[in-house]
Every structure is written in C-alpha cells, then in structure tokens.
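Reading through the structure tokens given below for one structure.
The values are calculated or read from the model by the stated rules, or taken from the named source; none is laboratory data. A quick note: this is a predicted structure, and the numbers were derived from the prediction, not measured. FYI the Cβ positions are ideal-geometry reconstructions off the backbone, even for glycines, and counts take in every protein chain you see. Surface areas here come from the heavy atoms of the whole protein model, side chains and all, with no ligands, DNA or RNA. Shrake-Rupley method; radii C 1.70, N 1.55, O 1.52, S 1.80 Å.
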Amino acid sequence: MKMTLISFFISTLLYFSSPITQINNYFTVSKDNKDSTLITVPFNVKFGIVSEEYLSEKKIKIDSFYNKFINSPYYSGSFLVAKNGRIIYEDYTGFSNAKTGKKIDANTAIHLASVSKVLTATAILKLVQENNLMLDQKVTDWIPKFPYKNVTIRTLLNHRSGLPHYSNFPSIMKKAWNKKKVLTNKDILDLMVKQKFKPIFAHNARFDYCNTNYVILALIIERATGQNYRDAMQTLIFKPLGMKNTFVFNYETDRDTVSKSYRASTIFPWDQYDNLYGDKNVYSTPRDLVKFDLATYSPDFIKPELLQEAYYGYSAANVPNAIKDYGLGMRMRYLANKEKLVYHNGWWHGNNTSFVPVKKDTVTIICLGNKYSNRPYATLNMASNLFFKKNVEEIPMPAELEIKE
C-alpha cells in the first residue's frame, strides 16, 4: 500500500510538471518544454492538440508550396510554419555571411525590416495596458517640441498622421542635406522641428505608409519607459517571452557581427538610415517570432481588447469591396470569402520578410530572407491556399525582385 501511494504521487507529479499537459483534448504549455518541435512561452496559453494526421497532411502541402514558390537558388533565409507552437515545417538555407561561410540556421537572427513595426506597435500597446500612455494621446504630451500638434499615438500607429517621409528629407532640403551623416531618431525629430516640413495631408485624412511614424513611436517608448529603445524592447517583449535570439541592431557595435544582406552575391552597404529604429532594425528568428505570436493568445501578455484595436482596419471602412487595410502595426487583406488575413511584410536592403499569423487556426507562417527577392512574400498565398476556404482568390505577388547572378 505504501509503495502504491508513492508510485501514485510520483506519477501525478510527473504528469503535472510535464511541458505539455492534456486537459479535455487541450494542452497548456510551460517554459520548461524540452520538445524541440514544440515552441512555448512562459504564459498560460491553452491550445487544442495537433493531431499527427493534421501535421502529416499540412507538411506535405507546405513542402510542395515552399519548394515551388519560395525555395530557389535566388532565395536565402529561414522559413517556418507552426500550429499551436508545434512546428509543422521549417527550413534554413543560404549564408548569414557568405565570405566566412557561416550558414543560416535556427539561431540566426535576420533583419526583420518592417516586420519590426509589429513589435514596436506591441510595445506601445503594452504601455497602454500598463496605463503609461493612451492611444489617443497627443504626441506633444511626450515630445512637447513636436511640430505637428494634432498627431496622436494612434495615428502614428495606423499611418494616418500625414507626417513627411524621412527618406524625402534630402530632396526637400537639397544642398543643405548632409548625405554623409548617419542619422539617429533624435536627428529625425530635430530636423522636423527645425525645418517644419509640410505635412503631406491633413491629420487623419487618409492612409499613407510612412516610416517616420515608427521612428517617432520609438522615441515615445523611450520617454515612457526611461530606457533606450533597445533596452525597452528587451524589457517589454523579448525577455518576458524568452526571445533569446532577438535584439535591436546597434550601428556602433553590431555591423561586423550581424547577418548580412545581399543583392545576388554582393553585400548591401550600410547607409545613413541604418541607425534608425522603431520602423526597422529588429533582428530575430522564426522560432522567436512564433513565441511572440503565441503570447498574443494570452491575456496575461496582451489584453484581447487591445488586440482588437490592432487588428481593426482604420482606412478602408468607406471603400467598396476593399481588399486591404492597416491596423495598429498590422496589415490586413480581405479575401474573396470575406475572411480577414492579418500580416506584415518587410523590405530593407536585401532583407525581404513576412510574418503571417493565421489567427483563426492559431497557425504562424514566417519567412525571413536576406537575399533580395520577392519569394518570402509568397507566404500570403500559402496562408490563403492552405488555411482558408477554397474559394479565396490568389493574392498577387509584388513586382519581381529576383536578381540573377
């Protein structure tokens, strides 16, 4: 009897301490997971069990699509599809540094380009959740000298601010522009204050995708947290989620060590915008981004009502048969069957990236390329073809970007 009780106690302890605990055909995941094919986060998230039949069926289809539309001699990067954190398919190909022969693997952080905006927006939402700031707060509440008095945090997030593009500053200033200066976020703000560039339209009048918005959001994060953006992102997102291979690029210290980006076999050179952050300059891996996506299903990380704000389309409400829109740091496509696909793509130098969380199926599709090509953007077609009803239209690919040797 004594041995039976001891055996029962040990088996019960092992059951409840295991990384995956099945409860009525659901499981919760813990940070102590040792299964290399299951990605977890240190938040209480409840998902359905992924059957072997589902994994097998989807893996075959994903493999076929990936090798037809993404994988090629002109593509280099990392690719992953997961459901409920369970990896269905992943592949790593090419070099993070062709000169040294360093190959891309699961731990290789690649420049996210504008997928960085998803993380910047989430940091803002976290600060809203913590009552540190408000979505409809004026930017001038945080940056008093900001010259565009009506602009709010929300209209920075949804690209309805009307702010001028920092990439157009040289053509506006002409000979007064210093093309040799490597710019910081503060430099962009100071130029706007000094030059008082004309807004490109009235505040909140329409949508215009503008990197300047997210450069200013990064400055607001710094003022709200009392930390620089790099440290604030670690505090708010990366460390709590165990995103160990994710960081914000430091122009002064990281140029020699980060993954390179290429046009064919030529490395893209650094330019004067490479020290700006918020709109870009987060480096990460597919596995870390799955952790981020998993956390969005936990109210302990981000409240559902704030996610609703992020996934709401702000610019196409009065557009008949709209096919695209933008939320708070998230793009969206309206498919033929009226379902909504949320995602974000990125492009900076030779980095072409795509982050597609298929929310209705708790599936995450990620492709991070470091060799100038449109192939990573095929993830949108993959999502619509494999995880939505069959009557959806194919999503047109961007203009061809492949560069032949």
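Could you tell me the convex hull volume per residue, in Å³, taken over the Cα atoms of the chain?
Working: hull volume 69.1 nm³, N = 405.
It comes to 171 Å³ per residue, whole-number rounded.
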Calculated FRET efficiency for the pair residue 206/residue 130, C-beta based, R₀ 30 Å, to 0.05: 0.45
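Taking Cα pairs under 8 Å and at least six residues apart, what relative contact order does segment 282-331 come out at, in percent? Write out the running numbers ahead of the final one.
Values: 31 pairs, mean separation 12.6, N = 50.
It comes to 25 percent, rounded to a whole number.
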Cα long-axis angle, helix 116-129 against the chain (0 to 90 degrees, to the nearest 10): 80 degrees
Acute angle (nearest 10 degrees) that the helix 211-225 long axis makes with the longest principal axis of the chain, alpha-carbon atoms: 70 degrees
Per residue, in Å², the accessible surface of segment 255-371 once ligands and nucleic acids are set aside, probe 1.4 Å: 37 Å²
In nm, spacing of pseudo-spin labels at residue 181 and residue 266 (7 Å Cα→C-beta vector): 2.9 nm
Cα centroid separation, segment 289-363 to segment 65-137 (Å): 15 Å
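What is segment 248-354 by shape, rounded, prolate or oblate, if you read a ≥ b ≥ c off the alpha carbon gyration tensor as root eigenvalues and call it rounded for a/c under 1.5, prolate for a/b larger than b/c, and oblate otherwise? Write down the numbers at each step before the final one.
Numbers: a/c = 2.41, a/b = 1.66, b/c = 1.45.
Since a/c reaches 1.5 and a/b is larger than b/c, the shape of segment 248-354 is classed as prolate.
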Descending semi-axes in whole angstrom, ellipsoid equivalent of segment 194-242, from the Cα gyration tensor: 29, 14, 8
Segment 114-171: C-alpha gyration tensor shape, a/c 1.5 cut-off, then a/b vs b/c: oblate
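Under the rule a/c < 1.5 gives rounded, and otherwise a/b versus b/c splits prolate from oblate, where does segment 213-297 land using the Cα gyration tensor?
Cα axes put segment 213-297 in the oblate bin.
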Cβ-placed point charges (K, R +1; D, E -1), dipole of segment 58-108 about Cα centre in debye, nearest 20: 120 debye
Rounded to 10°, Cα long-axis angle of helix 286-295 versus longest principal axis of the chain: 80 degrees
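Applying 1/(1 + (r/R0)^6) with R0 = 22 Å to the Cβ-Cβ distance of residue 298 and residue 235, what FRET efficiency is obtained, to the nearest 0.05?
Details: r = 18 Å, r/R0 = 0.81.
My answer for the efficiency is 0.80.
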Computed E for residue 324/residue 72 - FRET, C-beta separation, R0 22 angstrom, nearest 0.05: 0.25
